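Just so it is clear, none of the values below were taken in a lab; they were calculated from the coordinates. These numbers were taken from a predicted model, which means no experiment stands behind them. Glycine also receives a Cβ, built like all others from the backbone with ideal geometry; neighbour counts cover every protein chain displayed.
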Amino acid sequence: MKCDDLFCGINRPKSLNPDEMSDLEKKHTPVIMAPSSVKLEEPFEVKVELGKYLAHPNEYGHFFQWIEIWLDETFIARFDLTPKSSYPEVSVKIAINHAHEGRAKLKALAFCNLHGVWEGIKEIIVEE
Ligand SMILES: [Fe+2]
């Protein structure tokens, strides 16, 4: 169970609809861009963007330090970022090698040094 402290556990927006998000949620929820349907073992591009709905600072005192991409419970990729020089917008080519009942859940985790870890998700269909 998550407490109210932003540094306790993983923060998730109450809704994935940006119209229903608070400003804090809009600034910190990773947005995943990927095909809604992919073929097993066929590479495709995943892009993760922070501050897509509302800009987030990228200053020395307030920035995203890292972004990770997970596929269900499997670690896929990690990006370490620096303020001002790199932007919290990353992409990587991946392939899905295992799927459960034709579906997979892409997860992006992003760590803001002032507001903790935030999660974005995107479900995709995996064709055999
Ligand atoms: Fe922040």
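Restricting to the range 19-34, give me the number of residues that are in a loop (DSSP other than H, G, I, E, B), out of contact with any Pro (no Cβ under 7 Å at 6 or more places or on another chain) and either among the β-branched types (Val, Ile, Thr) or more than 14 Å from Lys107 (Cα to Cα) (or both).
Matching residues across the range 19-34 total 1.
Which one is farthest from Asp23 (Cα to Cα), of the residues in the range 46-82 that are part of a loop (DSSP other than H, G, I, E, B) and aliphatic (A, V, I, L, M)?
That would be Leu81.
In the list Lys39, Lys14, Lys26, which residue meets the criterion of being surrounded by 13 or more Cβ atoms within 10 Å (Cβ to Cβ) and under 16 Å from Trp118 (Cα atoms)?
Lys26
What number of residues in the range 1-48 are hydroxyl-bearing (Ser, Thr, Tyr) and in contact with a strand residue (DSSP E or B) (Cβ under 8 Å, 6 or more places away or on another chain)?
Total satisfying the criteria: 3.
Name every residue in the range 20-41 that is more than 13 Å from the ligand (Cβ to nearest atom), among the charged types (D, E, K, R) and without any contact (Cβ under 8 Å) to a residue 60 or more places away in the chain, in order of residue number.
Across the range 20-41, the qualifying residues are Glu20, Glu41.
Here is a yes/no grid of residues against (1) small (Gly, Ala, Ser); (2) closer than 14 Å to Cys112 by Cβ; (3) within 16 Å of the ligand (Cβ to nearest atom):
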residue	(1), (2), (3)
Pro18	no, no, no
Pro43	no, no, no
Pro57	no, yes, yes
Glu68	no, yes, no
